[in-house]
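The values are calculated or read from the model by the stated rules, or taken from the named source; none is laboratory data. As the structure is a computational prediction, the values presented were derived from the model and not from experiment. Counting neighbours? That spans all protein chains shown, and the Cβs are built from the backbone with ideal geometry, glycine included. In case anyone asks, the SASA skips ligands and DNA or RNA and just uses the protein heavy atoms, side chains included. Shrake-Rupley method; radii C 1.70, N 1.55, O 1.52, S 1.80 Å.
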Amino acid sequence: MKEIPLITPLQKFYQYEKEKANQTFLRQAINDQWIHYSWKETGEIIRTMAAAIQAQNYPKGTKIAILSANCAHWIMADLAIMMTGCICSIISNNNCRYNRLLFRTQRV
(Lines give C-alpha, C1' and ligand atoms only; values in the text may rest on other atoms or scores of the structure.)
Protein backbone atom coordinates (compact mmCIF):
# COMPACT_ATOMS: atom_id res chain seq x y z
CA MET A 1 0.00 0.00 0.00
CA LYS A 2 1.35 3.41 -0.98
CA GLU A 3 1.97 5.77 1.93
CA ILE A 4 0.37 9.20 1.52
CA PRO A 5 2.49 12.02 2.96
CA LEU A 6 0.84 14.14 5.63
CA ILE A 7 0.46 17.81 4.81
CA THR A 8 0.02 20.32 7.62
CA PRO A 9 -2.41 23.24 7.35
CA LEU A 10 0.61 25.56 7.25
CA GLN A 11 2.20 23.65 4.33
CA LYS A 12 -1.11 23.84 2.45
CA PHE A 13 -1.31 27.57 3.18
CA TYR A 14 2.19 28.11 1.73
CA GLN A 15 1.19 26.16 -1.38
CA TYR A 16 -1.97 28.17 -1.98
CA GLU A 17 -0.22 31.42 -1.14
CA LYS A 18 2.01 30.79 -4.18
CA GLU A 19 -0.59 29.23 -6.48
CA LYS A 20 -3.54 31.51 -5.68
CA ALA A 21 -1.77 34.67 -4.49
CA ASN A 22 -4.38 37.17 -5.67
CA GLN A 23 -7.49 35.07 -5.10
CA THR A 24 -9.68 35.60 -2.04
CA PHE A 25 -8.78 33.38 0.90
CA LEU A 26 -10.82 34.94 3.71
CA ARG A 27 -13.78 37.31 3.91
CA GLN A 28 -14.89 39.27 6.96
CA ALA A 29 -17.93 41.48 7.44
CA ILE A 30 -17.00 44.71 9.21
CA ASN A 31 -19.65 47.42 9.68
CA ASP A 32 -21.92 45.78 7.10
CA GLN A 33 -19.14 45.76 4.50
CA TRP A 34 -17.31 42.67 3.31
CA ILE A 35 -13.52 42.82 3.47
CA HIS A 36 -11.68 40.33 1.23
CA TYR A 37 -8.21 39.07 2.10
CA SER A 38 -6.19 37.47 -0.69
CA TRP A 39 -3.81 34.59 -0.02
CA LYS A 40 -0.87 36.98 -0.51
CA GLU A 41 -2.27 39.70 1.77
CA THR A 42 -3.15 37.12 4.41
CA GLY A 43 0.41 35.78 4.28
CA GLU A 44 1.79 39.26 4.93
CA ILE A 45 -0.54 39.77 7.90
CA ILE A 46 0.28 36.33 9.31
CA ARG A 47 4.03 36.97 9.05
CA THR A 48 3.60 40.28 10.91
CA MET A 49 1.69 38.46 13.66
CA ALA A 50 4.33 35.72 13.77
CA ALA A 51 7.11 38.31 14.10
CA ALA A 52 5.29 39.86 17.08
CA ILE A 53 5.03 36.45 18.73
CA GLN A 54 8.70 35.67 18.01
CA ALA A 55 9.69 39.02 19.53
CA GLN A 56 8.44 37.64 22.85
CA ASN A 57 11.16 34.95 22.68
CA TYR A 58 8.77 32.12 23.49
CA PRO A 59 10.41 28.73 23.01
CA LYS A 60 8.96 26.34 20.43
CA GLY A 61 6.15 24.34 21.94
CA THR A 62 4.84 27.25 24.03
CA LYS A 63 1.04 27.08 24.29
CA ILE A 64 -0.69 30.26 23.14
CA ALA A 65 -4.43 30.73 23.57
CA ILE A 66 -6.62 32.82 21.28
CA LEU A 67 -9.81 34.38 22.64
CA SER A 68 -11.79 35.71 19.74
CA ALA A 69 -15.11 35.76 18.01
CA ASN A 70 -15.21 33.67 14.84
CA CYS A 71 -13.42 35.93 12.35
CA ALA A 72 -10.75 36.07 9.65
CA HIS A 73 -8.10 37.26 12.12
CA TRP A 74 -8.73 34.21 14.29
CA ILE A 75 -7.60 32.01 11.38
CA MET A 76 -4.65 34.31 10.76
CA ALA A 77 -3.58 34.19 14.41
CA ASP A 78 -3.82 30.39 14.42
CA LEU A 79 -1.55 30.17 11.36
CA ALA A 80 0.87 32.74 12.84
CA ILE A 81 1.18 30.64 15.99
CA MET A 82 1.91 27.58 13.84
CA MET A 83 4.59 29.54 11.95
CA THR A 84 6.45 30.21 15.18
CA GLY A 85 6.46 26.57 16.23
CA CYS A 86 4.16 27.29 19.13
CA ILE A 87 0.95 25.42 19.92
CA CYS A 88 -2.45 27.05 19.55
CA SER A 89 -5.18 26.58 22.11
CA ILE A 90 -8.59 27.98 21.19
CA ILE A 91 -10.95 29.72 23.58
CA SER A 92 -14.14 30.28 21.61
CA ASN A 93 -16.30 33.27 22.41
CA ASN A 94 -18.77 33.93 19.64
CA ASN A 95 -20.65 36.39 21.83
CA CYS A 96 -17.86 39.02 21.73
CA ARG A 97 -19.20 42.40 20.72
CA TYR A 98 -15.87 43.27 19.13
CA ASN A 99 -13.30 40.96 17.62
CA ARG A 100 -10.45 40.68 20.09
CA LEU A 101 -7.40 38.51 20.30
CA LEU A 102 -5.98 37.64 23.67
CA PHE A 103 -2.68 35.89 23.79
CA ARG A 104 -1.78 34.00 26.91
CA THR A 105 1.17 31.75 27.23
CA GLN A 106 1.94 28.70 29.23
CA ARG A 107 5.43 27.25 29.17
CA VAL A 108 5.61 23.56 28.30
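So the values come out like this:
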{"item": "Highest-first arrangement of 8-21, 59-72, where packing means the average Cβ count within 10 Å", "result": "59-72, 8-21"}
{"item": "Cut-off under 5 Å, modelled amide H: who pairs with Leu26 long-range", "result": "Tyr37"}
{"item": "Solvent-accessible area, 1.4 Å probe, carbon plus sulfur percent, for the range 1-54", "result": "54"}
{"item": "Amide H contacts under 5 Å for Ser89, placed H, 5+ residues apart", "result": "Ile64, Ala65, Ile66"}
{"item": "Calculated from backbone phi, Karplus (6.51, -1.76, 1.60) coupling profile of the range 69-77 in Hz, x at Gly/Pro", "result": "5, 5, 7, 4, 5, 5, 5, 4, 5"}
{"item": "Charge sum, other residues only, whose C-beta stays under 15 Å from Glu44's C-beta, Lys/Arg counted +1 and Asp/Glu -1", "result": "+2"}
